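Visitor: Please read through the structure below; I'll follow up with questions.
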Amino acid sequence: MTDRMKGIPRRPWMDESGMTSRLYGILGHPLAHSLSPAMQNAAFAAAGIDALYVPIAVSPDRIRAALRGLKFSGFSGFNVTVPYKQTVLPFLDRVSPSARAAGAVNTIVADPKTGRWTGHNTDVYGFLELLVRARISFAGKRILLLGAGGAARAVLSAIASRSGSIMIRNRTPLRAVRLRALQPSPIRQKIHIIRNDANLAASGPFDLIINSTSVGLKSRDRLDLPSHVFDGAGAAVDLIYNPAVTPFIRAARRAGYHAVNGVDMLLHQGARAFELWTRRPAPVAAMRRALMENLKRA
């Protein structure tokens, strides 16, 4: 962060009536699928908080300029989604222990007096809550993790210490190698990189398969995963929640896997973000209703 950005006071957003509201948002690309605005605006309404949550869609070629501008914008906080969960790190004034451990940020809180940003990772909490509610065990299990981006970092931070072994398959194996290298030594020893399909076949079967990639967000996406991956009898989690049923979920269910999407992760990471922004308990029931209503329309 440059010296010019330090100590920038927050400027409240003002609507046409002259009333000030707190402004929040979600930063990412693409954002057409995101249900966070519906969920968080329902939360603010249920809690009686004068605030607005908006999508902030920014293309990769403009993200750094956008982040510099957001420092002056008056946002009280925002979420960060793909592909910017690591991009935002140099723009933060402080990083929470959970975000530092994960190496990725999905929630930013702006200090109301100085405007300085603190980065958090509520994805870790959200993912663990998803597993609890889906009754999916990961302790001592053989796990296949698809992807090596910001979401994969949160997944590793949540489950690596108690899992049995973790295989990481990423379109670019080098990125998976770098992710493994960032882990503490005891974790590194249980992580193995899948470099090709033959390597993948020799590594199975898996007790738990997790898709942390964005494949499935678009209707034209096709699952680039050999069918033998689902030869076991376990559980599968797709972090994508919209659409509710992705090619990954379909393939897993056809093979007899207990397969769930990421809607509970979205809900509980969002609830934790709400609490960080407002320092008030999140109205989880209202947030869930908003999600379910909007998923039905999607």
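The values are calculated or read from the model by the stated rules, or taken from the named source; none is laboratory data. Keep in mind that what you see is a predicted model, and the values were worked out from it rather than measured. Every residue, glycine as well, gets a Cβ built from its backbone with ideal geometry; the counts of neighbours run over all protein chains shown. We work out accessible area using only protein heavy atoms, side chains counted, and drop any ligands, DNA or RNA first. Shrake-Rupley method; radii C 1.70, N 1.55, O 1.52, S 1.80 Å.
Visitor: Could you order peptides 34-43, 55-64, 148-157 by the average number of other Cβ atoms within 10 Å of their residues, highest first?
Guide: On the way: 34-43: 21.8, 55-64: 14.0, 148-157: 25.9.
Output ranking for 34-43, 55-64, 148-157: 148-157, 34-43, 55-64.
Visitor: Using the alpha carbon gyration tensor of the stretch 154-265, what are the three equivalent-ellipsoid semi-axes (square root of 5 times each eigenvalue), largest first, in whole Å?
Guide: Each semi-axis is √(5λ); the values are 22, 16, 14 Å.
Visitor: Against the longest principal axis of the chain, how steep is helix 150-159, in degrees 0 to 90 to the nearest 10, with axes from Cα atoms?
Guide: So the helix axis and the longest Cα principal axis differ by about 70 degrees.
Visitor: Return the lysines within reach of LYS71: Cα separation strictly under 20 angstrom, same-chain partners fewer than 8 residues apart disregarded; answer none if there are no such residues.
Guide: The reachable lysines, counting only those whose Cα sits under 20 Å from LYS71, are LYS6, LYS85, LYS113.
Visitor: Now, a different point. Ordering ASP123, ASP224 by how much accessible area each has at a 1.4 Å probe, largest first, what is the list?
Guide: If we order ASP123, ASP224 from most to least accessible, we get ASP224, ASP123.
Visitor: With all protein chains present and a 1.4 Å probe, how do ARG142, ARG100 order by accessible area, largest first?
Guide: Details: ARG142 85, ARG100 160 Å².
So, going from the largest accessible area down, we get ARG100, ARG142.
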